[in-house]
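Step one of this worksheet: look at the structure below.
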Amino acid sequence: MPDPTAKPTVSIVVPFHNEEDNITELYARLHSVMEDVDWEYQFVFVDDGSTDLTFKRLRDLAVIDPRIAVIRLRRNFGQTAALAAGFAHCKCDYVIAMDGDLQHDPAEIPRFLEKLEEGYDVVSGWRKHRVDNLVLRKIPSRCANWLMAKLSGVNIHDFGTTFKAYRRELLSQLPLYGEMHRFIPALVSAYGASICEIPIQNKHRKHGVSHYNLSRTFRVMFDLLTIRFLLRYMSRPLHFFGRLGLINMSAGSAVALWLLMWKVLYRTNVMEQHALLLVFAAVLVLLGLQLVALGLLGELGVWQYFNPSARKPYSVSAIFDLRAAGGIDIASESRS
């Protein structure tokens, strides 16, 4: 039974990539905020393959503060991978993730903690008033967030910000890769998690350069399609591939039937007059069969996922082994 008098605990996870000029100030502000909060806490700082003095400065901080854990990745794996490495090292009840470029204000952490204490599973930050470039950041981000909300069914305004708070047990159930960290609210919604959103400040970067570019938007779009598929068809892939397969087979069969009727009624040579159309019908039918087969293979994969392979490919009727148990005759029958 958990101790009702125990203080709640929180892990602050911050990924860094070439942020040497921001580390000291961010740590000072984080430390000041957490010292005023009656919570036990730890800092998990992740160096995502930095090529400057980021790791050295993080390591120096860890020497003077035992509540700091520093994880160094062998190369730059990206923000999602860095966050996953940090989440795996968290030991506390709650987890707060934020960026290391000082655009997220540590003074807002108590507001996230209050919402977690109210019972929410995920608290997402909302950059209500963004300070970014209108054409390169604001408009693409607004369009992407609207699309994400519609496709995922999670009604929040800002999927892109890293500044979010979670219950740790939820994070342990999620595989994170690609740009999936921004879709965590959508993923946990499939488990029935409660989600809320709070406005946060969005400040200008003081030091260093932004790692964002437009190519990242396209990667996010592909991950969004993946999320949409996972949320709707992860446990029933045949419903997706089978539907497409039946559509293709129906269309191909309809074309073939029309060609057959044309041949019977008008005595025409279908191969001479409609050879391409006949080939098209055959391709549609074959493609439909392949899609259905792909859906069935997906169902087998889902079945294996939800049913660990404890089943044996045989059934034993009886066993006679006189050497077992000191020469005693053993006979056992399988009742499976």
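The values are calculated or read from the model by the stated rules, or taken from the named source; none is laboratory data. What you are looking at is a predicted structure, and each value in this text was computed from that prediction instead of being measured. All Cβ positions, even for glycine, are placed from backbone atoms using ideal geometry, and neighbour counts span all protein chains on display. Surface accessibility is based on the protein's heavy atoms, side chains included, excluding ligands, DNA and RNA. Shrake-Rupley method; radii C 1.70, N 1.55, O 1.52, S 1.80 Å.
The residues packed around residue 199, meaning those with a beta-carbon under 11 Å from its beta-carbon, carry a net charge of 0 if Lys and Arg are +1 and Asp and Glu are -1.
Between residue 266 and residue 91, full extension at 0.36 nm per residue minus the direct alpha carbon distance yields a gain of 55.2 nm. Computed from backbone phi, the HN-Hα couplings of the range 113-122 come to 5, 4, 5, 5, 5, 6, x, 6, 8, 9 Hz, rounded to whole numbers (Karplus: 6.51 cos²θ - 1.76 cosθ + 1.60, θ = phi - 60°; Gly and Pro given as x).
For residue 297 and residue 40, a Förster radius of 51 Å and the Cβ-Cβ distance give a FRET efficiency of 0.60, rounded to the nearest 0.05. Available extension along the chain between residue 239 and residue 107 is 42.8 nm, counting 0.36 nm per residue and deducting the alpha carbon span.
Extension gain, residue 114 to residue 254, is 44.3 nm, computed as 0.36 nm per intervening residue step minus the present C-alpha separation.
Less than 5 angstrom separates the built amide H of residue 127 from those of 200, all sequence-distant by 5 or more or on a different chain. So if I take the centroid of the Cα atoms in the range 270-307 and the same for the range 76-107, what is the distance between those two points in Å? Rounded to whole Å, the Cα centres lie 44 Å apart.
Label zone (residue 60, point 7 Å along Cα-to-C-beta; backbone nitrogen cut-off 17 Å) within the range 23-43: 23-29. Summarising the overall dimensions of the range 29-183 from its C-alpha atoms, the Rg and Dmax are 16.1, 47 angstrom. If you roll a 1.4 angstrom probe over the protein chains with everything in place, what fraction of the accessible area of the range 1-111 belongs to carbon and sulfur, to the nearest %? Here carbon and sulfur together make up 51 percent of the probe-accessible area. Between the amide H of residue 197 and those of 124, distances stay under 5 Å, these residues lying 5 or more places away or on another chain, with hydrogens modeled in the peptide plane. Normalised per residue, the accessible area of the range 25-177 is 48 Å², obtained with a 1.4 Å probe and no contribution from ligands, DNA or RNA. Taking θ as phi - 60° and the Karplus parameters 6.51, -1.76 and 1.60, the scalar couplings of the range 273-278 work out to 8, 9, 4, 5, 5, 5 Hz in sequence order, x denoting glycine and proline.
Accessible surface calculations at 1.4 Å, restricted to protein heavy atoms, place the range 250-306 at 75 Å² per residue.
Residue 195 contributes an accessible area of around 50 Å² to the protein surface, as traced by a 1.4 Å probe with all chains present.
Across q = 0.14, 0.20 Å⁻¹, the range 1-109 modelled as identical point scatterers on its alpha-carbon atoms has Debye log10 I(q)/I(0) values of -0.52, -1.02, in the order of the q list.
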